[in-house]
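Structure record follows, encoded as structure tokens.
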Amino acid sequence: MLKYVQDTKNEYVEFLKKLVSIRSYSGEEKELSECLVEAFKEIGVDEAFTDGVGNAVAIIRGTGEGPNIVLSGHMDIVPEGNVDLWVPFKPYEPEIVDGKMYGRGTSDMKEGLAAVYCAMKAIMENVVKKGQRLSGDITFCGVVQEEPAVMLGMKYFLEHTMEEHDIKCDVVYIAEPSNNNLTTGQRGKMELVVKTYGKCAHSSAPEEGINALEHMIPVLKAIFEKDGITLLEDAAGKTCLTVTNIEVKPGGTLSCIPDECEISIDRRFTPEQSDEDIIGEFEAIFAKLQAENPEFKATVEPRYFDMVSWTGYEEKARKWHPSWQMDRDNEYVVRAFKALEGIGQTPKEQYSKGGTDGSMTCAIHKIPTIIYSGGEGSVCHKEKEWVDIEEAVKGYEGYVAIIADLYGLDLKLFD
Ligand SMILES: [Zn+2]
């Protein structure tokens, strides 16, 4: 292990503890965001601020030749659930037992935020403060509201903050848990709202109405029998879809035939399938049903949420993670493998079944994206979430090596 990383291991652990002890639910990231900005100011980066949506941003400016990189991670956590299931641990009072730190957000993904912070601190202390400028900018972006799957913080960063603060970006590294492997692609996820329509009537005379729920039955049948639905395979196996909710309007006990029925669909898909393909499947199903029954009427659209960030920024955000896949021979992927192997790590190439901000950076904004950190993928969102300290510190060292490789820095600077 690089001597500087070894020597600062305790600092890393203490910083991680501090981040875990701040309860940063989605929409409530203020304290964590300010804590990160303050920490970056302390190490003397060129700029550190919270942006309009509440992201924590910090920049080490280079000479402008590039590459310009963004190191990112989400600040929000999912709730801890039933605290009885955490005993003997407490979700926001991190404790280390047998080399593992327990607490909500340890692996997902405060270890990643801490790793990136410490790697930038290593660059400040061993390179920048010694008088050497990097050829490109390193920008840290700790984003808000990743967990609700609407990518609110990353979208704002890419569409507003970058221009406002003259931030350039050739490649994004996301420090989501990857067990120190390199995640270079991600399965797509879309939440759809399907509605069928009818006509209200008194339930004592149902023949006078059109029951929207009845019209949903053939739609549900098509979904469960995968009739007209193409489920392609990707690196994680066969994709899927399922129905996660159903409701009618007017609902309850109003003695009323419902004139609207709504279902929620969770659809997973591959990089080959576009939004239009996914939505088009449902439109084709509806067309067929309407040909059989002229009274049948249905619509399909993506799910949107009205999001408000801790700064009061509001946006109608889409619950959607388009799929993406980096080429194995992409320059940044090749270099990340080389840099990590150079310090004795043995990363494997991975593909993620879950959603990350890579959908916003790579699928939508076409910026090369790589996911890497020492977080443990299998414990995310569960009780007694933990991170292995050795693995997390390796992730920190990995970021030092990746940055050093990109800017042609001798690793001896960190020895
Ligand atoms: Zn995460």
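The values are calculated or read from the model by the stated rules, or taken from the named source; none is laboratory data. For clarity, every value in this text was computed on a predicted model and none was experimentally measured. No Cβ is skipped: glycine too gets one built from the backbone with ideal geometry, and neighbour counts run over all protein chains shown. Keep in mind that these areas ignore ligands, DNA and RNA; they rest on the heavy atoms of the full protein, side chains included. Shrake-Rupley method; radii C 1.70, N 1.55, O 1.52, S 1.80 Å.
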Worksheet, complete the sentence: With +1 at each Lys and Arg Cβ and -1 at each Asp and Glu Cβ, the charge dipole magnitude of segment 110-153 around its Cα centre, to the nearest 20 debye, comes out at 340
Worksheet entry | Note, ³J(HN,Hα) from phi for segment 360-367, Karplus 6.51, -1.76, 1.60, rounded to Hz, x at Gly and Pro | 6, 6, 8, 5, 8, 9, 6, 9
Practice prompt. Rank these residues by their accessible area, most exposed first, probe 1.4 Å: H160, H215, H381.
Written response: H381, H160, H215
Worksheet entry | Bins of 5 Å from zero: percent of alpha-carbon pairs in segment 194-263 | 4, 16, 21, 18, 13, 10, 7, 5, 3, 2, 0
Response to the item:
Normalised Cα Rg of segment 306-365, dividing by 2.2 N^0.38 Å with N its residue count, works out at 1.57
Worksheet item: From the phi of every residue in segment 234-248, what ³J(HN,Hα) in whole Hz does the Karplus formula 6.51 cos²θ - 1.76 cosθ + 1.60 yield, where θ is phi - 60° and glycine or proline is x?
Response: 10, 4, 9, x, 6, 6, 8, 8, 8, 9, 10, 6, 9, 8, 10
Worksheet item: What residue among W320, W310, W386 shows peak mean-square fluctuation when the chain is described by a Gaussian network model with Cα springs under 10 Å?
Response: W310
Worksheet item: What is the dipole size for segment 148-220, taken about its Cα centre, with +1 at each Lys and Arg Cβ and -1 at each Asp and Glu Cβ, in debye to the nearest 20?
Response: 240
Discussion item. Give me, ordered by chain and number, the residues 5 or more places off A201 or on other chains with an amide H under 5 Å from its own placed amide H.
Written reply: I257
Discussion item. For A284, project a label point 7 Å along Cα to C-beta. Then give me every residue of segment 231-248 with its amide nitrogen under 20 Å of that point.
Written reply: 231-234, 238-243
Worksheet, complete the sentence: Of the candidates P368, H321, L409, the farthest towards the positive dipole end of segment 311-415 (Lys/Arg Cβ +1, Asp/Glu Cβ -1, centred on the Cα centre) is H321
Worksheet, complete the sentence: Full extension between K348 and K18 adds, at 0.36 nm per residue less the Cα distance, a length in nm of 115.8 nm
Fill in: Extended-chain gain in nm, criterion 0.36 nm per residue less alpha-carbon gap, K382 and K3
133.0 nm
Worksheet entry | Under 30 Å, Cα to Cα: Lys pairs in segment 70-192, sequence gap 8 or more or different chains | 20
Discussion item. What FRET efficiency comes out for F49 versus K366 if R0 is 35 angstrom and r is the Cβ-Cβ distance? Round to the nearest 0.05.
Written reply: 0.85
Fill in: Probe 1.4 Å, all protein chains present, accessible-area order of T253, T50, largest first
T253, T50
Worksheet item: Label D275 and F305 with points 7 Å out from Cα along Cα→Cβ: what is the distance between them in nm?
Response: 1.8
Discussion item. Is there a quick way to get the dipole size of segment 90-188? I mean about its Cα centre, with the Cβ of Lys and Arg at +1 and of Asp and Glu at -1; what is the value in debye to the nearest 20?
Written reply: 300
Worksheet, complete the sentence: Excluding residues fewer than 8 positions from K366 in its own chain, the aspartates and glutamates with Cα under 18 Å of it are E159, E163, D170, E272, D275, D327, D329, E331, D357
Discussion item. Please compute the modelled spin-label separation between E331 and E247, points set 7 Å along Cα→Cβ, answer in nm with one decimal.
Written reply: 5.0
Response to the item:
Gyration tensor on Cα atoms of segment 1-147, a ≥ b ≥ c root eigenvalues, a/c under 1.5 rounded, else prolate if a/b beats b/c, else oblate, says oblate
Response to the item:
Mean 1/r over distinct Cα pairs of the chain, inverted to a Kirkwood Rh in Å, yields 22.9
Worksheet item: Under a 1.4 angstrom probe, counting protein chains only, how are K130, K9, K394, K30 ranked by accessible area, largest first?
Response: K130, K30, K394, K9
Item to complete: Report the residue, chosen from M326, M216, M120, that carries the largest GNM mean-square fluctuation when the chain is represented by alpha-carbon nodes joined by springs under 10 Å.
Response: M216
Fill in: Structure-based [θ]222 nm, the chain - -39500 (n - 2.57) summed over DSSP H runs of at least 4, per residue, nearest 500
-8500 deg cm²/dmol
Discussion item. Can you compute the FRET efficiency between D84 and A205 using 1/(1 + (r/R0)^6), with r the Cβ-Cβ distance and R0 = 41 Å? Round to the nearest 0.05.
Written reply: 0.20
Fill in: For segment 151-161, Karplus couplings with θ = phi - 60° (6.51, -1.76, 1.60), whole Hz, Gly/Pro x
6, 4, x, 5, 4, 4, 4, 5, 9, 10, 4
Worksheet, complete the sentence: Placing +1 on each Lys and Arg Cβ and -1 on each Asp and Glu Cβ in the chain, then taking the dipole about the Cα centre, the residue among A235, G209, M120 whose Cα reaches farthest towards the positive end is M120
